[in-house]
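A short reminder: the numbers here are calculations on the coordinates, not readings from a lab. If you're wondering where the values come from, they're calculated on a predicted model, not measured in any experiment. When we count neighbours, we look across all protein chains shown, and the Cβ atoms used for this are built from the backbone with ideal geometry, even at glycine.
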């Protein structure tokens, strides 16, 4: 149980393109979803937290107009990287969590984004 | 405030040897604690979690961790390392007594298993 599906797993696109990444909880209701960015050989950097039906909370230094997050249902959140540039190239990982402080985060398999 | 410290960013063990990955936490309230494993180009997989029940927690793949409040530690162990255990390991803490979203990760420990 507790499966999170993230799609696509790898995307390569030209500079200036907008890219949408989907994160779905397949067998549980995710009241909260998280979006992380991970640089090589480093830990996860939390970008934003989103609760279903409300606006995402962005971490300091993360541009909300650059990284659009939508959490329209209890099973789906999307991250759109708008007008992507090479410096946005990274590994993006989503996670989902059911209600309750004891609940772990369940992670998707990540999306490798490469901007040419 | 909550935080996690993982001592040793790189750990190498021989195949068949004991694996010990260290995690110390700081929390102003009783914590929930988690260990995750990450294989290259993948997301994080939950290994085990401590949620205030038994202090010795058994997880998947033969891993276990012991919650020691007096030492504020939650070290991860495995009696005998296997080549497939080579990966990045993350410890995380989440404060209990609330339904908030805070989840704090350590900086990770890269485990190398030497044949």
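Below are the figures for this structure:
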| quantity | calculated |
| --- | --- |
| Among B:95, B:31, B:79: highest mean-square fluctuation, GNM of chain B, C-alpha pairs under 10 Å | B:79 |
| Proxy reagent accessibility, fewest Cβ within 10 Å first, across B:83, A:33 | B:83, A:33 |
| Counting DSSP beta bridges with both ends in the protein assembly as shown, the antiparallel % (nearest 5) | 90 |
| Dimensionless Rg ratio for region B:19-115, taking C-alpha atoms and the 2.2 N^0.38 Å reference | 1.06 |
| Distribution of pairwise C-alpha distances over chain A, 5 Å bins, in % | 2, 13, 23, 26, 20, 11, 4, 1, 0 |
| Under 12 Å from the residue B:69 label point (7 Å along Cα→beta-carbon), backbone N, region B:1-43 | B:29-31 |
| Efficiency of FRET from Cβ geometry, residue B:7 and residue A:68, R₀ 35 Å, rounded to 0.05 | 0.35 |
| Length gained when the stretch residue A:82-residue A:5 is fully extended (0.36 nm per residue, less Cα-Cα span) | 25.5 nm |
| Potential lengthening between residue B:82 and residue B:15 on full extension [0.36 nm per residue; Cα-Cα distance subtracted] | 23.6 nm |
| Two-site FRET efficiency, residue A:12 against residue B:114, from Cβ-Cβ distance with R₀ of 35 Å, rounded to 0.05 | 0.50 |
| Shape box of the protein assembly as shown [Cα atoms, principal axes, largest first, Å] | 49, 42, 31 |
| Percent RCO, i.e. relative contact order, over chain B, from Cα pairs under 8 Å lying at least 6 residues apart | 38 |
